[in-house]
Amino acid sequence: SIKVIEDNAEKANISSIKMAALNINTLMTECIKQGNMISSDTLIRTYLKKTESPDLEKEDVSLNDRLMFLKSYTINDISFTCVMGENGLMIKSTYSFFNDTDFRDTDWYQQVIASDSPVWFNAHEDQFMVVSRTTYNYVTMGRPMVDQTTGEKTGVVLIDFREDIIYDNIQHVTSNSNSQIFFYDADYNSVLRTNDNPLAQDIQKELIRHK
């Protein structure tokens with residue numbers, strides 16, 4: 001009957017939404033695991049303790065290889081990892097060029113270094129630290145690097161993945177139905193840049209009103 005077909009379609013749709021949410025959650029969990037692995041790396045922690053100097057800058061290239069090696073332990077969906085030190089150390093997992101700016105003066109760096117846990121940044125155009133030759137949007141996680149002996153914060157780890165990975169996971173849910181999926185953080189702020197349509201804004205207002 002039509003009722004049975006509708007019920008089965010609804011169940012299939014809910015199942016697809018759950019699977020998409022699981023895939024996205026796995027990606028975000030892998031970002032946290034990667035950040036933990038990098039922050040525990042003895043070699044990187046050693047260089048974060050060094051005094052800022054021109055000699056320190058010469059070590060950046062060899063440490064890039066170390067970061068690339070650590071990134072190889074995670075899923076391919078992670079686009080970029082980098083470490084920024086309070087002492088000026090700058091290392092990255094790609095061959096992209098860093099932006100010509102003192103990252104320690106940026107709002108995102110200050111937000112991460114002040115936190116005691118991972119900080120998620122909603123989808124944004126381009127990457128925070130490197131010169132971009134693309135027009136992708138990225139979701140970024142940052143976490144502080146902490147000296148395990150003194151407890152002093154010595155820098156931050158940044159990990160990016162492309163926003164369209166999220167869309168790839170939910171496209172099969174929304175393309176064959178009338179469903180729409182929106183993402184909000186714990187404070188009900190919109191996570192994805194395309195959540196700025198009127199329906200998403202109405203849902204956001206209702207969530208805030210009932211929290």
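The values are calculated or read from the model by the stated rules, or taken from the named source; none is laboratory data. In this text, all values refer to a predicted model and were calculated from it rather than measured experimentally. Every residue, glycine among them, receives a Cβ derived from its backbone with ideal geometry; neighbour counts consider all protein chains shown. Heavy atoms of the whole protein, side chains included, go into the accessibility calculation; ligands, DNA and RNA do not. Shrake-Rupley method; radii C 1.70, N 1.55, O 1.52, S 1.80 Å.
Summing charges over neighbours of Thr134, with a neighbour being any other residue whose Cβ is under 13 Å away from its Cβ, gives -3 when K and R count +1 and D and E count -1. Using the 1.4 Å probe convention, the accessible area of the stretch 92-142 works out to 55 Å² per residue with neighbouring protein chains retained. Our Cα-only numbers for the stretch 23-130 put the radius of gyration and Dmax at 13.8, 43 Å.
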